Amino acid sequence: MSFYYKIDPNSFADNSLIQWLTAQGAVRGAVQMHASGFYQSEREAADFVSAPEFWSGLVTGQSTASLRIFSGAITLHQLFAVLQLLPADAAYSLSLYRPHADLALAVRIDLPLALSSAQIQALRQLSESWAAELVYLPAPVFLQQPGVLVMDMDSTAIQIECIDEIAKLAGVGEQVAAVTARAMNGELDFAQSLRQRVATLKDAPDTVLKKVLDAVPLMPGLEALVSFLQQHQWQVVIASGGFTYFTEALKQRLQLTATFANQLEIIDGKLTGQVLGAVVDAQTKADVVQQIANQYQIPASQTVAIGDGANDLPMLAVAALGVAFHAKPKVQAQAKAAIRQGSLLQLLYLLES
């Protein structure tokens with residue numbers, strides 16, 4: 001039997017949504033909720049009321065769309081602000097989930113109706129100042145089915161921009177960093193800006209590459225994420241506008257499926273200031289998503305891409321799930337989903353497990 005309760009959202013302004021859902025048993029099952037503050041529960045208490053007359057007319061059918069709230073505290077009051085932006089003629093299923101032992105509990109809201117672009121934009125604006133992430137997923141990408149993850153390297157898989165670190169050791173750090181920032185913001189053609197930056201490295205000893213590699217800080221969560229996906233028969237790839245010297249080292253360390261990057265020309269132990277062959281640019285990255293999916297006979301619906309810069313936008317667009325990670329504002333605005341803080345492992349919050 002189901003029982004019905006009414007919450008006054010104004011009286012719960014500071015109450016933790018996670019704690020409230022835990023008390024309602026949402027770790028084991030879902031709580032049905034409406035924007036009016038009514039919710040349905042299998043647990044009887046003294047304050048239950050007769051079923052509100054509108055409840056039987058609400059849309060409750062299953063859809064593939066969902067909202068995910070994770071990586072930060074959220075209150076019941078914030079939940080009601082979300083519900084106010086959703087269609088009023090539907091009931092919503094709320095549940096708690098934890099996709100990995102190293103992650104905290106998160107909130108899932110199953111939607112019986114897909115959202116319009118205006119509703120999605122309103123939800124993004126609502127959550128801009130939140131500590132927590134709020135992500136709309138129109139369709140699932142399944143963890144338990146083989147998939148493809150294509151990652152950018154610099155400032156995504158690792159915490160630095162390799163070319164900036166090489167330039168510091170070569171004595172042209174400020175000059176190169178300024179061009180890198182403009183390129184990542186989409187203000188410059190990437191291939192042209194890369195050749196411009198590499199040219200400043202002419203005559204630098206190749207030993208600077210090893211110095212940078214030895215000090216490379218991996219992005220928190222990278223190793224756990226890659227290992228977990230590989231255990232579920234996923235292909236994990238790096239496609240980078242950076243350099244093969246670093247991507248090949250990561251490939252061996254993490255047992256990646258493949259890596260794609262630019263090759264620096266080295267003659268007599270010195271950088272020549274040239275890149276060999278065609279530059280791995282934005283379109284190349286997008287092509288890699290489709291290439292790896294085709295090679296391993298993985299459907300397009302099981303492709304994920306993650307990156308931080310403007311040159312990642314095409315691959316984020318072509319993947320079924322494109323995630324802006326610690327990204328520039330332009331990239332966050334255009335990507336299907338965004339993770340603004342925290343570790344790479346949080347990508348698992350966005351997969352259907």
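Of everything in the stretch 66-94, what is in contact with a Gly (Cβ under 8 Å, 6 or more places away or on another chain), over 20 Å from residue 336 (Cβ atoms) and open to solvent by 30 Å² or more (accessible area, probe 1.4 Å)? Give them in sequence order. Answer for the stretch 66-94, where residues must be in contact with a Gly (Cβ under 8 Å, 6 or more places away or on another chain), over 20 Å from residue 336 (Cβ atoms) and open to solvent by 30 Å² or more (accessible area, probe 1.4 Å): just 89. Residue 46 satisfies every condition listed in (1) surrounded by fewer than 18 Cβ atoms within 10 Å (Cβ to Cβ); (2) under 25 Å from residue 6 (Cα atoms); (3) of a type in the set (A, V, I, L, M, F, W, C); (4) touching a residue at least 12 places away in the same chain (Cβ under 8 Å) except (4). Close Cβ contacts (under 6 Å, 6 or more residues apart or on different chains) running from residues in the stretch 287-314 that are over 11 Å from residue 239 (Cβ atoms) and open to solvent by less than 10 Å² (accessible area, probe 1.4 Å) to residues that are in a strand (DSSP E or B) and of a type in the set (S, T, N, Q) comprise 293/303. Condition check for residue 313 on (1) in a helix (DSSP H, G or I); (2) over 16 Å from residue 155 (Cα atoms): one failure, at (2). Any residue at all in the stretch 254-270 that's among the acidic types (Asp, Glu), open to solvent by 20 Å² or more (accessible area, probe 1.4 Å) and modelled with pLDDT of 95 or more? Yes, the conditions are met somewhere in the stretch 254-270. If you go through the stretch 199-216 and keep only what is open to solvent by 70 Å² or more (accessible area, probe 1.4 Å) and outside any loop (DSSP other than H, G, I, E, B), you end up with 207, 210, 211, 214.
The values are calculated or read from the model by the stated rules, or taken from the named source; none is laboratory data. Model, not experiment: these values are computed from the prediction. In this analysis, Cβ positions are derived from the backbone assuming ideal geometry, glycine residues included, and neighbour counts consider all displayed protein chains. Heavy atoms of the whole protein, side chains included, go into the accessibility calculation; ligands, DNA and RNA do not. Shrake-Rupley method; radii C 1.70, N 1.55, O 1.52, S 1.80 Å.
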